[in-house]
Amino acid sequence: MELKEYNACVHEWADALFRFARKCTGHEEDARDVVQNSFVVLWEKRKDIPKEKGKAFLFQVAYRQSINLYRKNSRMTYKEEMDDDRVTRSSPTDLKQILEKALSQLDEQARALVLLKDYEGYRYDEIAKITGLSDAQVKVYLHRARKSLKQYLVSVENLI
Amino acid sequence: MEDMVTMKNYEEFILLYIDNELNAEEEQSLLALAAQHPEVSAELELYQSVKLQPDTTATYGDVSGLLKEEPASKTIAFGNWKTYAAAACVLLAVCIFFFNSNTSEPEILTAQNTVDNRPATPEQATIAEEADKHTQPSKAEPLPLAQEDTKQSQLRPKQPVAHIAMETKKQPVKEQVVITPDPVEPVIVKKENTAEKTIAKTIAPKKESITNKDKPIVATKKELQSIAAEEPTKPVIEDEPVLASTEEPKEKKLISVSGPLNSSIANIFKKKIETAKNATAQLKETDVVVQIGKKELFTVRF
């Protein structure tokens, strides 16, 4: 990967990487750190990475760093989210907010799988390469995550 | 097709459908089942509602901090290529200039070479002049050396002296070759005087110059008389102007080269060459001793 190709990856995937990292970490500043670190690693290993594999490499690095950051700050992040009354006091009909709440309820791995699938449209085998899981594991973990989201949505509606 | 998706496994197919992992056949089977069973359709809609949609409003922002720039001007050896190119052009122009100047030299050299075809030594040149003079019967000075026998040729040094003297008028010559009337070994005496006085001295008392001046030899009285008898128009002194006049045509024959100075020099050389040629032709049987003053340099034997 040459300099021009690296800069093209920055322009093309910086926003998507930020959204993924932001959802995974639950914190915007952490997400920026994840994005910066991901591109730093890509620059350091640019000679070994072809242009077409740049996106997958970036999300792979971002996934690992997001998981690590989330696990490191899980309690605090979770507390912040739990203390955020905006979510509880908002209208339950706001589906987007409900989904964000439901997503935060998932574990970091399941959340990452859902984000990779819904945000970036990766296939099972691609998600497996990024997360280091097998295709079967990706399928099972992802189905479980969707069921959890559905259950949360149903429970909220029931409360409404 | 319908058996593929049943009421027992429709939830799995729904999840696969949400993940876009079904093929066309499986998708049609699931939709068909959902159409037949409302609970399947409700389940399908519920899973579709929990599918996340990317928030395009959330962006990283300024990515300039992530971009990398090219290293500042990778200096290479030919960074100042313009300077090197200018220096190369100047050097080429200088080389062309010198080359052209060298090519123009042969023109002069050719003229000089023609003149230089004469013998290398001045002595030989004067001898050639003298021989040339002797071969020209049109000259007022009847050069007996050219026409007479070898014995007579030995007695002709007087005239060569005049030639030499005349020659000095036109061009300063450090050396004058005088062919003495010595029948055995004519000696060439070199004179270093270039002034006209020396010329007059050498010309006027022609015979005396031979004997008095610088040196060697002197013809015997008998030889002188024989020469005088055979050469009615002998007096060198009188012939001097004739010699000068006769020599002039020679000069006209000289090759003209570029510049007045070069032309005169070329003429002189040409003249000497001719005289040398004539002298050599006539002095085949005579030995010539070349001297400078009283010092004998070498003897040329033909």
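Give segment B:24-56 a look and list any residue that's more than 18 Å from residue A:143 (Cβ to Cβ), open to solvent by less than 80 Å² (accessible area, probe 1.4 Å) and not aliphatic (A, V, I, L, M), or say none.
Of everything in segment B:24-56, those that are more than 18 Å from residue A:143 (Cβ to Cβ), open to solvent by less than 80 Å² (accessible area, probe 1.4 Å) and not aliphatic (A, V, I, L, M) turn out to be B:29, B:37, B:41, B:54, B:55.
Give all pairs with beta carbons closer than 6 Å in which a residue from segment B:5-34 that is away from chain A (no Cβ under 14 Å) meets a residue that is of a type outside the set (A, V, I, L, M, F, W, C) and part of a helix (DSSP H, G or I); count only pairs at least 6 apart in sequence or on separate chains.
Listed by first residue and then by second, the contacts come to B:5/B:29; B:30/B:17; B:33/B:10; B:34/B:41.
Is it the case that segment A:53-66 has a residue that's open to solvent by 60 Å² or more (accessible area, probe 1.4 Å) and modelled with pLDDT of 90 or more?
Within segment A:53-66, one or more residues are open to solvent by 60 Å² or more (accessible area, probe 1.4 Å) and modelled with pLDDT of 90 or more.
Find the residue count for segment A:1-32, including only residues that are under 15 Å from the mean Cα position of the chain (by Cα) and within 8 Å of chain B (Cβ to nearest Cβ).
Result for segment A:1-32: 8.
If I filter segment B:89-117 down to residues being open to solvent by less than 60 Å² (accessible area, probe 1.4 Å) and at pLDDT 80 or above, which single residue comes out as nearest to residue B:273 (Cα to Cα)?
Ranking the qualifying residues of segment B:89-117, first place goes to B:101.
Taking the condition of being closer than 23 Å to residue A:104 by Cβ and either more than 12 Å from every other protein chain (Cβ to nearest Cβ) or in contact with a Phe, Trp or Tyr (Cβ under 7 Å, 6 or more places away or on another chain) (or both), how many residues in segment A:33-52 meet it?
Qualifying residue count, segment A:33-52: 1.
Return the total of residues in segment A:105-147 being over 21 Å from residue B:54 (Cβ atoms), within 12 Å of another protein chain (Cβ to nearest Cβ) and open to solvent by 70 Å² or more (accessible area, probe 1.4 Å).
Qualifying residue count for the region: 3.
The values are calculated or read from the model by the stated rules, or taken from the named source; none is laboratory data. All values derive from a computational prediction rather than experimental measurement. Glycine also receives a Cβ, built like all others from the backbone with ideal geometry; neighbour counts cover every protein chain displayed. To get the accessible areas, we keep the full protein, side chains included, count just its heavy atoms, and leave off ligands, DNA and RNA. Shrake-Rupley method; radii C 1.70, N 1.55, O 1.52, S 1.80 Å.
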